[in-house]
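Colleague: My questions will all concern the structure given below.
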Amino acid sequence: MPASILVLDANIIIRSVLGNKVRNLLLEYSTKIDFLAPDLCVDDAEEYLPVIFEKKGLSGSAALEVLNHIKPLFQIIDHDIYQDCMIDAQNRMRHKDIEDWPVVATALLFNCPIWTEDKDFFGVGVPTWTTDRIHIFFNAMKSSSSHYLSEP
């Protein structure tokens, strides 16, 4: 059973479709970490990925196929679940991009960090990890789980 939880922002979901690095990390750690994504982030990925693919001369439907293969690696959190934290999340994001409040609300609800490339999440009172530093979080998870396994 996963020992930790991490909220994925839309840009991480998009990166998991566009390249191998994020996708491989999700694959590697999906049995050790519960990855959560607010429904809004998945909706954003579904909206923007076809556009991004088509700009590169690729099929927009191929983008959605890849996304559908990746979706089982994370749990999609419905608005009805995280809306109880809406006011607090919106207050924290009011001087940033307030539209990103569902990511903060999900992190507050599950008391966990956010994995994002969006600097708007910095300073809102929720631990935030970027892809270039996420290995620190993953290594800490490995260390804590091996520590618990080694104790009598």
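All of the numbers you see were taken from the coordinates with simple rules; none came from a lab. Just so it is clear, the model here is predicted, and its values are computed rather than measured. Positions of Cβ are generated from backbone atoms using ideal geometry, with glycine treated the same way; all protein chains shown enter the neighbour counts.
Colleague: Can you give me the orientation-averaged projected area of the convex hull built on the Cα atoms of the chain, in nm²?
Modeller: Averaged projected hull area, Cα only: 9.6 nm².
Colleague: Among Phe110, Phe122, rank each residue by its count of other Cβ atoms within 10 Å, from fewest to most, as a rough exposure measure.
Modeller: Phe122, Phe110
Colleague: Relative contact order for the range 1-121: what is it in percent, counting Cα pairs under 8 Å that are at least 6 residues apart?
Modeller: 34
Colleague: Same structure again: Roughly what % antiparallel, to the nearest 5, for the DSSP beta bridges in the chain?
Modeller: If we restrict to bridges inside the chain, about 0 percent are antiparallel.
Colleague: Under the rule of -39500 (n - 2.57) per DSSP H run of 4 or more residues, summed and divided by the residues of the chain, what mean residue ellipticity at 222 nm is obtained, to the nearest 500 deg cm²/dmol?
Modeller: One gets -17000 deg cm²/dmol as the mean residue ellipticity at 222 nm.
Colleague: How would you rank Ile33, Ile134, going from fewest to most other Cβ atoms within 10 Å of each one's own Cβ?
Modeller: Ile134, Ile33
Colleague: Which lysines does Lys96 reach when only Cα atoms under 24 Å apart count, and residues fewer than 8 places away in its own chain are ignored?
Modeller: Correct list for Lys96: Lys119.
Colleague: Next up: Hey, for a label at Ala62 modelled as a point 7 Å past Cα toward Cβ, could you say which residues of the range 10-31 have their backbone N under 19 Å away?
Modeller: Inside the label zone: 14-24.
Colleague: Using the Cα centre as the reference, give the magnitude of the dipole from point charges on the C-beta atoms of the range 4-145 (Lys, Arg: +1; Asp, Glu: -1; all else neutral), rounded to the nearest 20 debye.
Modeller: Result for the range 4-145 is approximately 700 debye, rounded to the nearest 20.
Colleague: Tell me the label-point distance for the pair Gln83, Thr130, using the 7 Å Cα-to-Cβ offset, in nm and rounded to one decimal.
Modeller: 3.5
Colleague: Which helices, taking whole DSSP H runs in the chain, have alpha carbons extending 18 angstrom or more along the helix axis plus mean Kyte-Doolittle at least -1.0?
Modeller: 39-55, 134-150
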